[in-house]
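Working notes, structure below.
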Amino acid sequence: MAIQWYPGHMHKAQKAIKEVLPQVDLLIEVLDARIPYSSENPAIAQLRGNKPCIKVLSKTDLADQEMTAVWQAYLEQERGVKTFATTTQEPGRIKLLVDLCRKMLPEKDAGAKNINAMIVGIPNVGKSTLINTLAGRVVAKTGNEPAVTKDQQRINLGSGVTLLDTPGILWPKIENPDSSYRLAATGAIKNTAMEYDDVSFFLAEYLIKAYPELIMAHFQLDRMPTTELDFLEMAGARRGALQTGGRINLHKICEVLINEFRAGKLGRITLESPELVEREKEAIAVAKMKKEAENAERKKRFKDGSRNSDRADRKEQKNLPRPPRQPGIAKPGSARKSSDKKK
Ligand SMILES: Nc1nc2c(ncn2[C@@H]2O[C@H](COP(=O)(O)OP(=O)(O)OP(=O)(O)O)[C@@H](O)[C@H]2O)c(=O)[nH]1
Ligand SMILES: [Mg+2]
């Protein structure tokens, strides 16, 4: 089952973003470099229209470096989009983001006019941290959990750029179930809205295929795991995650895997590639079409079937020979009447 988390403040935040959008020159959409597709909110793409947009890939210190470059090239294929990879480990590079904002709005830059940029993105992706780095001081509250920022906040950088921090928003229905697992694995979904075990099994399955050397080294495994359960049991044994009777405490090792992945302890990992998400999108489209065709067929069968059987029933009844009326047996309705008459 896909995970959904869309508390009321997100709906409000999205409405507020829509309201101020006309005063904004440029959108800075912050994406998690470990999940650039899954952390892209489809509602933002709709709201953006033709406004220029910088897609910032945040937390690149946690992501696979090669994959970050692949994603940047992929995302820049979209019109009006530039990308910028960033990490808190290289605060000095952040000035280049301000330069990029100016470059994307040459008329404003030439006229030395103030640029209004709005920072948007999913929860816990590092929007407020980015603002603090840009401002060079703590102006926005940050925290390692989703939904820290609850209201919009305007920050004047003093260099002709004003930034608007916004609360992280998700969307009511995450169509791709794998995306919802990835969002949960990276910490964009509140822990209380997900099952650690489900997310961990998903993560384990991916890691065995995509980063076998990293997990073997991190958990000091002496052979390649064959399945996600095999992996979690081996890792659990290594970490002493046992329950009474010596059996592996799977829940405990599931929590360990998620927490250590989030903290970057397993190494630099990206959970999706453009090819993988294209395949997933295709599979979802095919499944959707199949379901629609099935629904249409069911509706048609229901309609045709009921009309046919109804007609056939009526026709059949019409053609049936009427049973001969037996003298002395009155119809139930007429029985009372006849007795009434007698009275
Ligand atoms: N490893 C790493 N962690 C980061 C980076 N940037 C931000 N973080 C951490 O990510 C967590 C979330 O950061 P915030 O800036 O509060 O995220 P946000 O997008 O404003 O979150 P909401 O306000 O909840 O939507 C914090 O614990 C940050 O320290 C980064 O480049 N690398
Ligand atoms: Mg924030």
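The values are calculated or read from the model by the stated rules, or taken from the named source; none is laboratory data. Just so we're clear, the structure is a prediction, and the values are computed from it rather than from any experiment. All Cβ positions, even for glycine, are placed from backbone atoms using ideal geometry, and neighbour counts span all protein chains on display.
When you look at residue 81, is it at pLDDT 95 or above, within 15 Å of ligand 2 (Cβ to nearest atom) and touching a Lys or Arg at 6+ places or on another chain (Cβ under 8 Å), yes or no? Against the criterion (at pLDDT 95 or above, within 15 Å of ligand 2 (Cβ to nearest atom) and touching a Lys or Arg at 6+ places or on another chain (Cβ under 8 Å)), residue 81 does not qualify. The selection criterion, being within 31 Å of the chain's Cα centre (by Cα) and part of a helix (DSSP H, G or I), holds for residue 231.
Considering only the stretch 129-150, state which residues are among the charged types (D, E, K, R), within 11 Å of ligand 2 (Cβ to nearest atom) and free of Cβ contacts under 8 Å to residues at least 24 places away in the same chain. Hit for the stretch 129-150 is 141, nothing else.
Among the residues of the stretch 215-271, those identified as farther than 19 Å from residue 191 by Cβ and of a type in the set (Val, Ile, Thr) are 215, 226, 227, 244, 248, 269, 270.
Listed by first and then second residue, the pairs with beta-carbon distance under 6 Å, at least 6 apart or on different chains, first residue in the stretch 203-218 and outside any helix (DSSP H, G or I), second of a type outside the set (A, V, I, L, M, F, W, C) and at pLDDT 95 or above, form an empty list. Is there a residue in the stretch 91-113 that is in contact with an Asp or Glu (Cβ under 8 Å, 6 or more places away or on another chain) and within 13 Å of ligand 1 (Cβ to nearest atom)? No, there is no match, as no residue in the stretch 91-113 is in contact with an Asp or Glu (Cβ under 8 Å, 6 or more places away or on another chain) and within 13 Å of ligand 1 (Cβ to nearest atom). Counting only residues that are more than 9 Å from ligand 2 (Cβ to nearest atom) and under 14 Å from residue 123 (Cα atoms), the stretch 151-171 holds 5 of them.
The requirement of being among the hydroxyl-bearing types (Ser, Thr, Tyr), under 18 Å from the mean Cα position of the chain (by Cα) and at pLDDT below 95 is satisfied by residue 6.
Among the residues of the stretch 40-91, the ones that are of a type outside the set (A, V, I, L, M), within 25 Å of residue 268 (Cβ to Cβ) and outside any loop (DSSP other than H, G, I, E, B) come to 12 in all. Of the residues making up the stretch 103-128, those that are more than 16 Å from ligand 2 (Cβ to nearest atom) and touching a residue at least 24 places away in the same chain (Cβ under 8 Å) are 104, 105, 108, 112, 113, 114, 115, 116. Of all residues in the stretch 122-140, those that are of a type in the set (Lys, Arg) and within 6 Å of ligand 1 (Cβ to nearest atom) total 1.
Okay, residues lined up against (1) surrounded by fewer than 16 Cβ atoms within 10 Å (Cβ to Cβ); (2) of a type outside the set (Val, Ile, Thr):
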| position | (1), (2) |
| --- | --- |
| 22 | yes, yes |
| 31 | no, yes |
| 43 | no, yes |
| 67 | no, yes |
| 73 | yes, yes |
| 81 | no, no |
| 85 | no, yes |
| 91 | yes, yes |
| 97 | no, yes |
